[in-house]
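*Asks:* Handing you a structure now.
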Amino acid sequence: LGTGGGLGNQGGVLLTSDNQWLYVVNAGSNTISVFKVKPGALELVGSVDSGGIQPVSLTVDRDLLYVLNAGGAAGDVDNIAGFMIEPDGMLQPLAGSTQPLSADDTSPAQIGFSTDGNVLVVTEKGTSIIDTYVVDDDGLAGPPNVFMSAGTVPFGFSFSKRNRPYVSEAGTSSASSYQVYPDGTLEVISAVVPNSQAGVCWLVVTKNGRYAYTTNAGTGTISLFNIDRDGTISYGVSADAIGGVIDEALSNNSRYLYALSSGAQKIFGFQVGSDGQLTKVEEIDLPTGANGLAAH
């Protein structure tokens, strides 16, 4: 079951790197569904309890999956919970892995593993806080380390090489870059780089770590940010007004960017140029209320 409305999330649909399994949050029934990916089709394998209320985001590192539970109503507990991925794709709850966020009712948006898989990161929209969790050799997340976001309303993020997350900020219509250290410490590299757009919510980074893209729901555009070798970012250009953009995903080789538009009820496909510029190449109709996007 869904909630019947937007989740304000990134990462609600997760495809494993080997393209064998698809995991999907069910925010209305507090479960995670497991699908086997077949040529041209999906097969539902089963579902498991998410370990909390209103799951909104998923992340995976090898055979370890973590879910972010957003609560959903005043007084509900916001938390993260871990699972082991079995050979048949099903999820086995990992005892001792559940941890709280900085507080309850934080309106969290995304959970993600660092590049090396040793740290988990969570963005909280309602508190403008970023939490980090050190993951031990047994896959267990430690207690949260709490950091104020450089900009307000941190939302989507993506990691590049060297454990550097790039975070969109809906409140300040900007993006920031950070360094994550093994002990979970978060250090700002570039703070609050604006893009003169509205509703800056979803963010992805190309595989080579040179470009980041934000989708801007308020202005219906996609913004390009350039990434330097030291992790600093600079705003490039915003283009491709496609209306109500609420999610995005890059193909594994980063040659194509896909954007989900609730306004147009379409997925738009773009070719990524060597300079990071986008060229629209395809659009596909979607049913009303689509949420979440994964690509390979």
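*Asks:* Would a scan of the range 183-191 turn up a residue that is crowded, with 23+ Cβ neighbours inside 10 Å and either within 14 Å of Gly151 (Cα to Cα) or among the acidic types (Asp, Glu) (or both)?
*Replies:* No; the residues of the range 183-191 include none that is crowded, with 23+ Cβ neighbours inside 10 Å and either within 14 Å of Gly151 (Cα to Cα) or among the acidic types (Asp, Glu) (or both).
*Asks:* Only residues that are open to solvent by less than 40 Å² (accessible area, probe 1.4 Å), hydrophobic (A, V, I, L, M, F, W, C) and in a strand (DSSP E or B): list them for the range 1-53, please.
*Replies:* Val13, Leu14, Leu15, Trp21, Leu22, Val24, Val25, Ile32, Val34, Val48
*Asks:* Only residues in the range 66-87 that are open to solvent by 60 Å² or more (accessible area, probe 1.4 Å) count as the first member; pair them with residues that are of a type in the set (A, V, I, L, M) and not in a strand (DSSP E or B), Cβ under 8 angstrom, at least 6 apart or cross-chain, and list the lot.
*Replies:* Close Cβ pairs satisfying both conditions: Val77/Ile53.
*Asks:* Now, a different point. Would you confirm, using the coordinates I've provided, whether Gly142 is in contact (Cβ under 8 Å) with a residue 40 or more places away in the chain and surrounded by fewer than 24 Cβ atoms within 10 Å (Cβ to Cβ)?
*Replies:* Yes; evaluated as a whole, the condition is true for this residue.
*Asks:* Identify, from the list Asp275, Asp247, Asp230, Asp240, the residue that is within 25 Å of Ala27 (Cα to Cα) and either in contact with a Leu (Cβ under 9 Å, 6 or more places away or on another chain) or open to solvent by 30 Å² or more (accessible area, probe 1.4 Å) (or both).
*Replies:* On inspection, the qualifying residue turns out to be Asp247.
*Asks:* How many residues does the range 278-296 contain that are within 22 Å of Leu7 (Cβ to Cβ) and either open to solvent by 60 Å² or more (accessible area, probe 1.4 Å) or not aliphatic (A, V, I, L, M) (or both)?
*Replies:* 7
*Asks:* Now for a separate question. Given the conditions (1) open to solvent by 10 Å² or more (accessible area, probe 1.4 Å); (2) under 26 Å from Gly40 (Cβ atoms); (3) under 16 Å from the mean Cα position of the chain (by Cα), report the number of the one that Val205 does not fulfil.
*Replies:* (2)
The values are calculated or read from the model by the stated rules, or taken from the named source; none is laboratory data. Bear in mind the structure is a predicted one, so any value in this text is a computation, not a measurement. In this analysis, Cβ positions are derived from the backbone assuming ideal geometry, glycine residues included, and neighbour counts consider all displayed protein chains. Keep in mind that these areas ignore ligands, DNA and RNA; they rest on the heavy atoms of the full protein, side chains included. Shrake-Rupley method; radii C 1.70, N 1.55, O 1.52, S 1.80 Å.
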